Amino acid sequence: MIFTETFIKGLFVIEPKVVGDSRGYFMETFKLDLFQKESGFSGEFVQENESMSSKNVLRGLHFQKPPFAQGKLIRVVHGSVRDVAVDIRKGSPTYGEYFSILLSAENKKQLWIPEGFAHGFASLEDQTIFQYKCTNFYSSENEGCICWNDHDLGISWEIDDPNISEKDKNGVPFRDFISPF
């Protein structure tokens, strides 16, 4: 696996080594010792989630507040997404900046998002299967949501007419957001 840190400290793109032939392919998607060495992460994953989305579904921008803050190791099993992580760590030189990447079953890239980020994705294909490991358990009382189309963030989701949940439509504008990190 190749770990590449993005311009936002602590945020890594992970590219697995894929071995394939006419029968198919094999790849390691996670290896604890290598993950810890390359990312500096020393915790553990306690929950794994999977979602399936139709084309143009947009989910986000979500985060979990301390003490239920979550780091996420993300990958797409089927289809593709425009994935976005927004730095919400007070004092970070990249606070309020976002990183965007195409994650797909075809490119097999993963994204490591540590605690202190809001996260969202837009499904680019029907029946996109999105999978992620979490470093903490989900807590509905500690969930937060920043407005997905916030003018100050200026995120380009690369889809027209997104399908968005009521919860996500009511995300907090970034200028009114008070970070718990």
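The values are calculated or read from the model by the stated rules, or taken from the named source; none is laboratory data. Since this is a predicted model, take the numbers as computed values, not measurements. Note that each Cβ is placed from the backbone with ideal geometry, even for glycine, and that neighbours are counted across all protein chains shown. For accessibility, only protein heavy atoms count, side chains too; no ligands or nucleic acids. Shrake-Rupley method; radii C 1.70, N 1.55, O 1.52, S 1.80 Å.
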Toy charge model, Lys and Arg Cβ at +1, Asp and Glu Cβ at -1: the stretch 86-134 dipole around Cα centroid in debye, rounded to 20, equals 240 debye
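Suppose we keep just the DSSP beta bridges with both residues in the chain; what percent of those would be antiparallel, to 5?
For the chain, the DSSP antiparallel bridge percentage is about 95.
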Computed over the stretch 55-137, the convex hull of the Cα set has an average projected area, in nm², of 5.2 nm²
For the THR29, PHE7 Cβ pair and Förster radius 22 Å, calculated FRET efficiency rounded to 0.05 is 0.35
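Given a Förster distance of 22 angstrom, what is the FRET efficiency for GLU125 paired with ASP161, based on the Cβ-Cβ distance and rounded to 0.05?
Efficiency, rounded to the nearest 0.05: 0.90.
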Between the alpha carbon centres of the stretch 1-48 and the stretch 106-181 the gap in Å comes to 21 Å
In whole Å, largest first, the alpha carbons of the chain cover along the principal axes 52, 37, 29
A chain fully extended from PHE137 to SER51 at 0.36 nm per residue, minus the present Cα-Cα distance, gains in nm 29.3 nm
Counting only protein heavy atoms with a 1.4 Å probe and every protein chain in place, the carbon and sulfur fraction of the accessible surface of the chain in whole percent equals 48 percent
Charge dipole of the chain built from unit charges on the beta carbon (Lys, Arg +1; Asp, Glu -1), centred at mean Cα; most positive-end Cα among SER80, PHE121, GLN36 is GLN36
Rounded to the nearest 10 Å², the accessible area of ASP150 using a 1.4 Å probe with every protein chain kept is 20 Å²
Answer in debye to the nearest 20: the dipole magnitude of the chain about its Cα centre, from +1 Lys/Arg and -1 Asp/Glu charges placed on Cβ, is 340 debye
